[in-house]
Amino acid sequence: MSLIESVLVVGTGLIGTSVALALRDQDVAVHLTDRDAGAVRLARELGAGVEWAEGVTVDMAIVAVPPHMVADQLAALQKAGVARFYTDVASVKALPLRQAASLGCDLTTYVAGHPLAGRERSGPAAARADLFLGRPWAVCPTRETSPEAVEALHGLIKLCGGEAVTVDAAEHDRAVAVVSHAPHVAAAAVAARLADAPGVALSLAGQGVRDVTRIAAGDPALWTGILSGNALPVAEVLEAVAADLAAAAASLRTAAGADPDAVAQVTALLHRGVTGTGRIPGKHGGPARTYATVQVIIGDRPGELARLFQVADEVGVNIEDVRLEHAPGLPLGAADLSVQPEAVETLSEALRTRGWHLP
């Protein structure tokens, strides 16, 4: 029998509601609470669970609030004896653990967690039951954490479709500073240049700037809380990035003064970037794979992508990834289909035979 048959989700934002939806799909009884009554109502209408009534106890309470609020919420829940086990989903781990210890929380029943999944949108309306499928979910037990609490969290993660990764809290915070928190600030810095950019620059914007700035659309208030909770590790990464950028700028200024050799430092940075990109894990956390791209011109109308995928299905080609780029001012765009290199000819021929235009 599963250790997790009922849960309380405290905080019905994107992550909390997504956890609730995933668990409801597994027939777990989900109770919801939030300081924002409207958020609870919307999450409930989306099928995420029922509103929590005081006195109801559950197997696990999931604290889905900003990092600096986790410990206070945990203390209140434990005082009321709400659950057998407790976890959180905050993207910072050392701060909540430190504060929970100072408040005298029972650390045997609490295991800190963090699903590495999200979207640039926030709130319950952006929630998805499949948000965690195949995604890493950090599990950060302390010496005090009981094996039963860890087992319960592993069960919860499995129910949500995530992949548990055990990691020390401090190591976790240093890691997410590199792969999540600092990249968000860097994306915001690039996007900030667009705030006062001339109209001609925006009219020339292509997929590159969209890729770099996509995450910068996240909620500033939410991200301020995350960044302040992991301030020192993020600052260290940003300082290293700033040093690289400053060196690149200095090299380009020298190169602009008719010293072509000065650009070598920029070239070295670009090569390091290629190397870093190549180290990002591929699908299902495995080694990075190099895929070939089949580009197809598609109309901007309902059903086009479905037709495209249908052709791939008919010839037995798996589309590993897809990226869309719209043509400004025209009712069409290009779909870049990532496939195994050996599948390029098969898919290309099938698409052309069925009337698709490949550049």
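The values are calculated or read from the model by the stated rules, or taken from the named source; none is laboratory data. Since the model is a prediction, treat every value here as computed from it, not as a measurement. A quick note on method: Cβ atoms are made from the backbone with ideal geometry, for glycine too, and the neighbour counts reach across all protein chains shown.
Which residues, taken from region 165-178, are free of Cβ contacts under 8 Å to residues at least 40 places away in the same chain, in a helix (DSSP H, G or I) and surrounded by fewer than 16 Cβ atoms within 10 Å (Cβ to Cβ)?
Residue satisfying the conditions is 171 alone.
Quick one: how many residues across region 111-124 are out of contact with any helix residue (DSSP H, G or I) (no Cβ under 6 Å at 6 or more places or on another chain) and either among the β-branched types (Val, Ile, Thr) or more than 19 Å from residue 214 (Cα to Cα) (or both)?
2
Could you tell me whether residue 162 is in the same structural domain as residue 13 (by TED's automatic domain parsing) and either surrounded by 14 or more Cβ atoms within 10 Å (Cβ to Cβ) or modelled with pLDDT under 90 (or both)? Quick ask: steps written out before the conclusion?
Values: in the same structural domain as residue 13 (by TED's automatic domain parsing): yes; either surrounded by 14 or more Cβ atoms within 10 Å (Cβ to Cβ) or modelled with pLDDT under 90 (or both): yes.
When the stated conditions are applied, residue 162 passes them.
Taking the conditions exactly as written (closer than 17 Å to residue 219 by Cβ, touching a strand residue (DSSP E or B) at 6+ places or on another chain (Cβ under 8 Å) and touching a residue at least 12 places away in the same chain (Cβ under 8 Å)), does residue 126 satisfy them or not? Spell out the reasoning first.
Numbers: closer than 17 Å to residue 219 by Cβ: yes; touching a strand residue (DSSP E or B) at 6+ places or on another chain (Cβ under 8 Å): no; touching a residue at least 12 places away in the same chain (Cβ under 8 Å): yes.
No: the conditions fail for residue 126.
Checking residue 92 against (1) under 22 Å from the mean Cα position of the chain (by Cα); (2) under 17 Å from residue 123 (Cα atoms); (3) among the β-branched types (Val, Ile, Thr), which test does it fail?
So residue 92 meets the others, but not (2).
Criterion first (hydroxyl-bearing (Ser, Thr, Tyr) and more than 23 Å from the chain's Cα centre (by Cα)) does residue 57 satisfy it? If you could, list the steps in order and put the result at the bottom.
Values: hydroxyl-bearing (Ser, Thr, Tyr): yes; more than 23 Å from the chain's Cα centre (by Cα): yes.
So residue 57 fits the description; yes.
Identify the residue in region 67-115 that is surrounded by 23 or more Cβ atoms within 10 Å (Cβ to Cβ) and in contact with a Ser or Thr (Cβ under 6 Å, 6 or more places away or on another chain) and, among all such residues, is farthest from residue 56 (Cα to Cα).
114
Looking for something among the hydrophobic types (A, V, I, L, M, F, W, C), over 27 Å from the mean Cα position of the chain (by Cα), surrounded by 11 or more Cβ atoms within 10 Å (Cβ to Cβ) and not assigned by TED's automatic domain parsing to the domain that holds residue 189 - is there at least one such residue anywhere in region 278-297?
Step one: filter region 278-297 for residues among the hydrophobic types (A, V, I, L, M, F, W, C), giving 280, 288, 292, 294, 296-297.
Checking which are over 27 Å from the mean Cα position of the chain (by Cα) leaves us with 296-297.
From what's left, surrounded by 11 or more Cβ atoms within 10 Å (Cβ to Cβ): 296-297.
Filter once more, keeping what is not assigned by TED's automatic domain parsing to the domain that holds residue 189: 296-297.
There is at least one residue in region 278-297 that is among the hydrophobic types (A, V, I, L, M, F, W, C), over 27 Å from the mean Cα position of the chain (by Cα), surrounded by 11 or more Cβ atoms within 10 Å (Cβ to Cβ) and not assigned by TED's automatic domain parsing to the domain that holds residue 189.
Show the residue pairs meeting these rules: Cβ distance below 9 Å; 6+ apart or different chains; first residue within region 70-87 and within 19 Å of residue 4 (Cα to Cα) and touching a residue at least 12 places away in the same chain (Cβ under 8 Å); second residue acidic (Asp, Glu) and surrounded by 24 or more Cβ atoms within 10 Å (Cβ to Cβ).
Pairs found: 74/88.
Which of the residues spanning region 110-125 are modelled with pLDDT of 90 or more and more than 22 Å from residue 44 (Cβ to Cβ)?
110, 111, 112, 113, 114, 116
For region 129-140, which residues satisfy the criterion of being crowded, with 21+ Cβ neighbours inside 10 Å and outside any strand (DSSP E or B)?
If the condition is that a residue be crowded, with 21+ Cβ neighbours inside 10 Å and outside any strand (DSSP E or B), then 129, 131, 132 are the ones that fit.
Restrict the check to region 182-205 and report whether at least one residue is charged (D, E, K, R), assigned to a helix (DSSP H, G or I) and either out of contact with any strand residue (DSSP E or B) (no Cβ under 9 Å at 6 or more places or on another chain) or free of Cβ contacts under 8 Å to residues at least 40 places away in the same chain (or both). Please lay out each step first, then the result.
First, the residues of region 182-205 that are charged (D, E, K, R): 193, 196.
Among the residues that remain, those that are also assigned to a helix (DSSP H, G or I) are: none.
Taking every residue of region 182-205 in turn, none turns out to be charged (D, E, K, R), assigned to a helix (DSSP H, G or I) and either out of contact with any strand residue (DSSP E or B) (no Cβ under 9 Å at 6 or more places or on another chain) or free of Cβ contacts under 8 Å to residues at least 40 places away in the same chain (or both).
Of all residues in region 16-66 being acidic (Asp, Glu) and more than 16 Å from residue 6 (Cβ to Cβ), which is surrounded by the fewest Cβ atoms within 10 Å (Cβ to Cβ)? Even if it seems obvious, please write down each step before you answer.
Looking only at region 16-66, we keep the residues that are acidic (Asp, Glu), and these are 25, 27, 34, 36, 45, 51, 54, 59.
Next cut, more than 16 Å from residue 6 (Cβ to Cβ) only: 34, 36, 45.
Numbers: 34: 23, 36: 14, 45: 9.
Within region 16-66, the match that is surrounded by the fewest Cβ atoms within 10 Å (Cβ to Cβ) is 45.
Going by the conditions given, is residue 306 surrounded by 13 or more Cβ atoms within 10 Å (Cβ to Cβ) and assigned to a helix (DSSP H, G or I)?
Details: surrounded by 13 or more Cβ atoms within 10 Å (Cβ to Cβ): no; assigned to a helix (DSSP H, G or I): yes.
The answer is no for residue 306.
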